[in-house]
Amino acid sequence: MAYAAPSTKRILLKLSGESFCKPGGFGIEPAELDWIACEVKEAVATGAQLAVVVGGGNIIRGAELAAQGHIAQATADHMGMLGTVINALALKEKLGSMGVDCRVQSAIEIRAVAEPFIRGRALRHLEKGRVVILAAGTGNPFFTTDTCAALRATELECGVLMKATKVDGVYSADPRRDKSAVRYDELTFGEALSKRLRVMDMTALAMCSENRIPVIVFDFKQPGNIARVARGERIGTLLHS
């Protein structure tokens, strides 16, 4: 029997830092920021409640910095968290200019520019139709923003976690390098782990599996994809328990 479509009333969208710049680029590209904001606005117009976890790889990659051996990973990871705050503020300003009410909440207290992450307050914002942009990961080093997305999706009782990627789902291999790669329409978390598919890190997958939060891996550059999920349409690859 086919797996039932996940509830899409409340969605957690995970965006990588690289979504904010051109491929191989750095910083925030205005055209990419415009694209993200337009896609989010369209999804909100469906009536869905939307929380967004942003990465910071376009600003700084803590793991790569630590690997160079000059900075301890805990410090490098905190530097990466601050990069996510930069992206969150940029997205907030762009959405605000388009008439979309939103709030930034940070796992690291930076009260001059963002609210602290408080679950009850975040839920209240969502219920009022505001987009909640979640920055600074979990606030702890050694955890990825994928894990943060899984954690926040659980805390905020989201019906689905959407992971934005550069391809239209999960493949058996990198489709850009292997033309024989097979695309999956649907997978269980156990299958993704056993096949060692690079969907999310193991901690994030385990958390989604344990809390029965379905994950949709989709092509972010296909116009209207977030709104399609909000309307209950099937896109990309669905991972479930």
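The values are calculated or read from the model by the stated rules, or taken from the named source; none is laboratory data. This is a predicted model, so every value here is computed, not measured. Positions of Cβ are backbone-derived with ideal geometry, glycine not excepted, and every protein chain shown enters the neighbour counts.
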How many residues does region 13-43 contain that are of a type in the set (A, V, I, L, M), more than 16 Å from the chain's Cα centre (by Cα) and more than 15 Å from Gly83 (Cβ to Cβ)?
-> 1
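If we scan region 122-139, do we find a residue that is of a type in the set (S, T, N, Q) and either in contact with a strand residue (DSSP E or B) (Cβ under 8 Å, 6 or more places away or on another chain) or at pLDDT below 95 (or both)?
No, the conditions are met nowhere in region 122-139.
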Residue count, region 166-204 (criterion: farther than 23 Å from Arg234 by Cβ, part of a helix (DSSP H, G or I) and not polar (S, T, N, Q)) | 1
Residue satisfying all of: in region 206-241; surrounded by 15 or more Cβ atoms within 10 Å (Cβ to Cβ) and among the hydroxyl-bearing types (Ser, Thr, Tyr); farthest from Lys163 (Cα to Cα) among these | Ser209
Only strands (runs of 3 or more DSSP E) wholly contained in region 1-115 count here; list those with 1 or more residues that are of a type in the set (Ser, Thr, Tyr) and at pLDDT 95 or above.
-> 102-106
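Is it true that some residue in region 5-16 is of a type in the set (Val, Ile, Thr) and more than 25 Å from Glu186 (Cβ to Cβ)?
Our first condition is that a residue be of a type in the set (Val, Ile, Thr); within region 5-16, this holds for 8, 11.
In the following step, the residues that additionally are more than 25 Å from Glu186 (Cβ to Cβ) were identified as none.
Taking every residue of region 5-16 in turn, none turns out to be of a type in the set (Val, Ile, Thr) and more than 25 Å from Glu186 (Cβ to Cβ).
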